[in-house]
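Some notes on the structure that comes next.
The values are calculated or read from the model by the stated rules, or taken from the named source; none is laboratory data. Since this is a predicted model, take the numbers as computed values, not measurements. Here Cβ is always computed from backbone atoms with ideal geometry, including for glycine, and neighbour counts include all displayed protein chains. The area values use the complete protein model at the heavy-atom level, side chains included, leaving out ligands, DNA and RNA. Shrake-Rupley method; radii C 1.70, N 1.55, O 1.52, S 1.80 Å.
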Amino acid sequence: MDWPDGFMWGTGASSTQCEGAAPASDWWQWERDGHAPVSGDGNGFAHRYAEDFALLAGLGLTHHRLSIEWARIEPERGVHDADAIAHYRRVLSAARDAGVVPWVCLHHFTLPRWFNEAGGFLVESHRTDEWRRHVEFVAETFGDLAGGWQPVNETNYFGHAAYGGGGWPPGRHDRDERALADEAIQLANAEAALRLRETGAPVSSIFGLSAFVPLDNEPPTASTVERLYDSLWAPGLGLFRDGVLRVPGRDPIERPDLAGAFDLIGFSFYANTGVRAGHRVVHPDDAPVSPLGYGIAAEGLGLVLDELHRRVPGTPLLVAEFGVGTDDDEFRAGYLRDGLAVVRDALQRGIDVRGLFHWTAVDNYEWFHGFDVSFGIIDADRNVRPSAHVLRDAALS
């Protein structure tokens with residue numbers, strides 16, 4: 001089977017991970033307070049972007065998601081940094097000059113310190129005023145160069161990361177705050193999508209999705225599986241499909257204007273989760289375990305594609321992140337071959353998959369793990385690894 005015409009082969013990265021934390025960001029302070037390793041200048045992308053885009057174009061990976069860091073372009077409320085704006089315009093122009101379509105993310109886990117210290121997305125007016133103005137500014141300032149948009153990264157994990165004990169700033173662990181954050185970020189994501197679509201470029205979500213596999217027939221297991229789908233899948237997909245946002249712990253919100261806000265439902269995939277006796281476990285049992293703590297098994301990607309096809313039938317899908325953190329590049333190559341086989345099978349079964357973006361292009365900063373986990377098909381010295389040829393051969397076939 002040939003890959004469909006127009007199938008998008010790409011890579012993904014984030015500003016903090018490849019450029020280092022912005023001095024005005026919450027993550028920069030988080031590092032200095034000792035909560036995470038110092039990111040420095042990431043992998044040097046801020047200075048080597050043209051070189052990186054040339055490498056990717058040579059591999060046939062002609063789409064790349066990057067983030068425009070809010071804390072760089074607006075380090076103080078209402079004050080925009082002209083140098084940072086010019087820098088990001090140069091980056092986007094260099095991508096286009098190299099033949100790489102740049103997809104822009106507006107929020108990849110990190111926020112301006114001024115925004116977060118004032119309550120972040122827990123304050124409704126911050127979403128309807130500051131965030132809305134930021135989205136408008138980005139659309140007007142970079143819309144002529146962006147080839148696509150992915151507004152908020154892994155929307156369904158933001159609440160846990162920041163307010164559910166996940167270790168992200170502001171480092172809170174409060175059930176009510178987490179539910180409020182889950183609600184606010186889903187609305188912020190879909191509202192941004194509507195505005196960004198006005199630029200004429202396609203807009204994709206990035207939900208972090210895992211299939212939850214019951215491993216016994218016990219009632220606690222069924223209850224846990226249902227709860228996980230209700231909290232991590234249902235809010236964003238329900239808002240897209242039905243125009244109704246249902247977040248556990250919050251009253252439903254009817255927003256028919258946000259139904260169909262995205263052109264594609266994009267998602268990141270790293271693992272599936274087994275549930276046994278009501279508890280989450282590594283699945284499959286014999287899967288190699290990532291340094292990040294989850295089981296590695298590419299066939300699980302098929303379960304996610306099948307579940308999405310069931311929940312949002314007829315909707316184009318995008319594998320917005322797929323990769324593995326390992327020092328064993330031969331293992332990475334095998335994982336990529338297995339993942340491509342899964343996508344081929346899904347396409348043959350009529351699932352409308354429009355592309356696959358590998359996480360990541362060049363080894364970068366991996367949050368709490370610093371620089372100790374390698375996700376790149378290119379190392380930090382810009383040596384192309386053999387695993388990159390798996391993607392190149394598919395993209396150029």
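Brief remarks on what is shown
- Complete set of residues in segment 376-397 that are more than 23 Å from R344 (Cβ to Cβ), in a loop (DSSP other than H, G, I, E, B) and within 20 Å of the chain's Cα centre (by Cα): G376
- Comparison of L258, L245, L228 shows that the only residue that is on the phi < 0 side of the Ramachandran plot, touching a Lys or Arg at 6+ places or on another chain (Cβ under 7 Å) and in contact (Cβ under 8 Å) with a residue 24 or more places away in the chain is L245.
- Within segment 102-112, the presence of a residue that is modelled with pLDDT of 95 or more and open to solvent by 40 Å² or more (accessible area, probe 1.4 Å) is excluded.
- Hits in segment 145-167 (condition: open to solvent by 20 Å² or more (accessible area, probe 1.4 Å) and without any contact (Cβ under 8 Å) to a residue 40 or more places away in the chain): H160, G165, G166
- Hey, A320 under 16 Å from the mean Cα position of the chain (by Cα) and at pLDDT 95 or above or not: yes
- Cβ-Cβ contacts under 6 Å between residues 6 or more apart (or on different chains), taken from a first residue in segment 296-323 that is aliphatic (A, V, I, L, M) to a second residue that is in a loop (DSSP other than H, G, I, E, B) and open to solvent by 20 Å² or more (accessible area, probe 1.4 Å), are listed as I296/P288; A297/P284.
- When residues in segment 272-295 are screened for being assigned to a loop (DSSP other than H, G, I, E, B), under 17 Å from G325 (Cα atoms), open to solvent by less than 20 Å² (accessible area, probe 1.4 Å) and touching an Asp or Glu at 6+ places or on another chain (Cβ under 9 Å), 1 of them pass.
- Residue within segment 314-326 that is open to solvent by 50 Å² or more (accessible area, probe 1.4 Å), in a helix (DSSP H, G or I) and out of contact with any helix residue (DSSP H, G or I) (no Cβ under 8 Å at 6 or more places or on another chain) present: no
- You will find that of R89, R133, R172, the residue that is surrounded by fewer than 24 Cβ atoms within 10 Å (Cβ to Cβ), under 19 Å from F45 (Cβ atoms) and of a type in the set (K, R) is R89 and no other.
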